[in-house]
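**Student:** Below you will find the structure I want to go over with you.
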């Protein structure tokens, strides 16, 4: 059995109620649920939430909310892997053996069914059981600058500042869209998961993590430009 798990707690702080806030005409979580439905791989699309309003909206969008998330994994410091493990354990006890899980973030408004399928197939083709959506950094991180206590600029890596950008190895960051994995992979430590992970590389213009109001505005502008909304 293959399941999708969409974590969506009610207590987001920097953007209150962001998981169900209106994003260009729909609750933000609706985009993740729609992508999971379009993917066609999932036997169950489960939203893990501690909030009744989120649960009601998720069901209306076509997801299942078969349990309410317990308080011990609903706070500010709850780890995504803990939420996924809880949902997978519940599914294994109540729905049947779970082979693979895709964790999709509730505010991944740019995710779509085709890229979810691509992630699954790339993971399987690589012979591993964990995959992470990533995107390239816009600029080499080795050439980062910091502000000193005196308010001046300093190079994080002075040697790299003298190199051409094309001579620096490309690096990636988590695209904050989805993770594919087996129950065993999600039960492993973060270091173990990274070591076994295959990257699902996404273009930067299809990636925007949403944690602040500035992120939200940027995401709306990008979405309008991409899809002419």
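**Student:** Determine whether residue 128 is in a loop (DSSP other than H, G, I, E, B) and surrounded by 14 or more Cβ atoms within 10 Å (Cβ to Cβ).
**Tutor:** It is true that residue 128 is in a loop (DSSP other than H, G, I, E, B) and surrounded by 14 or more Cβ atoms within 10 Å (Cβ to Cβ).
**Student:** Please find, among 122, 142, the residue that is under 26 Å from residue 212 (Cβ atoms) and surrounded by 16 or more Cβ atoms within 10 Å (Cβ to Cβ). Spell out the reasoning first.
**Tutor:** Values: 122 fails: under 26 Å from residue 212 (Cβ atoms).
142 is the lone residue from the list that is under 26 Å from residue 212 (Cβ atoms) and surrounded by 16 or more Cβ atoms within 10 Å (Cβ to Cβ).
**Student:** Take residue 229 and decide whether it is in contact (Cβ under 8 Å) with a residue 40 or more places away in the chain, exposed (fewer than 15 other Cβ atoms within 10 Å of the Cβ), touching a helix residue (DSSP H, G or I) at 6+ places or on another chain (Cβ under 7 Å) and not in a helix (DSSP H, G or I).
**Tutor:** Values: in contact (Cβ under 8 Å) with a residue 40 or more places away in the chain: yes; exposed (fewer than 15 other Cβ atoms within 10 Å of the Cβ): yes; touching a helix residue (DSSP H, G or I) at 6+ places or on another chain (Cβ under 7 Å): yes; not in a helix (DSSP H, G or I): yes.
In short, yes.
**Student:** Moving on. Among (1) under 16 Å from residue 19 (Cα atoms); (2) at pLDDT 95 or above, which single condition is residue 95 missing?
**Tutor:** Only one criterion in (1) under 16 Å from residue 19 (Cα atoms); (2) at pLDDT 95 or above is unmet by residue 95, namely (1).
**Student:** From 14, 34, grab the single residue that is under 18 Å from the mean Cα position of the chain (by Cα), more than 10 Å from residue 106 (Cβ to Cβ) and modelled with pLDDT of 95 or more.
**Tutor:** Working: 14 fails: modelled with pLDDT of 95 or more.
Answer to the check: 34.
**Student:** On to the next question. What helices (runs of 4 or more DSSP H) completely inside region 155-218 contain at least 2 residues that are surrounded by 12 or more Cβ atoms within 10 Å (Cβ to Cβ), touching a strand residue (DSSP E or B) at 6+ places or on another chain (Cβ under 8 Å) and on the phi < 0 side of the Ramachandran plot?
**Tutor:** Working: elements: 158-161, 183-187, 190-196.
By residue number, 183-187, 190-196.
**Student:** Oh, and also: I'm told residue 138 meets every condition in (1) more than 28 Å from residue 219 (Cβ to Cβ); (2) in a loop (DSSP other than H, G, I, E, B) except one. Can you identify the failing condition by its number?
**Tutor:** (1)
**Student:** Next question, about the same structure. If residue 38 satisfies all but one of (1) more than 22 Å from residue 82 (Cβ to Cβ); (2) outside any loop (DSSP other than H, G, I, E, B); (3) in contact with a strand residue (DSSP E or B) (Cβ under 9 Å, 6 or more places away or on another chain); (4) touching a residue at least 40 places away in the same chain (Cβ under 8 Å), what's the number of the condition it fails?
**Tutor:** (3)
**Student:** Can I ask one more? Name the residues in region 92-112 that are closer than 22 Å to residue 128 by Cβ and in a helix (DSSP H, G or I), would you?
**Tutor:** Once the filter is applied, which keeps residues that are closer than 22 Å to residue 128 by Cβ and in a helix (DSSP H, G or I), region 92-112 yields only 92.
**Student:** If we keep just the residues of region 41-59 that are more than 16 Å from the chain's Cα centre (by Cα) and in a loop (DSSP other than H, G, I, E, B), which is surrounded by the fewest Cβ atoms within 10 Å (Cβ to Cβ)? Talk me through it step by step, then tell me what you get.
**Tutor:** The first filter runs over region 41-59 and keeps only residues more than 16 Å from the chain's Cα centre (by Cα), leaving 41-44, 50-59.
Filter once more, keeping what is in a loop (DSSP other than H, G, I, E, B): 41-43, 50-51.
On the way: 41: 17, 42: 22, 43: 13, 50: 18, 51: 22.
This residue is 43.
The values are calculated or read from the model by the stated rules, or taken from the named source; none is laboratory data. These numbers were taken from a predicted model, which means no experiment stands behind them. Here Cβ is always computed from backbone atoms with ideal geometry, including for glycine, and neighbour counts include all displayed protein chains.
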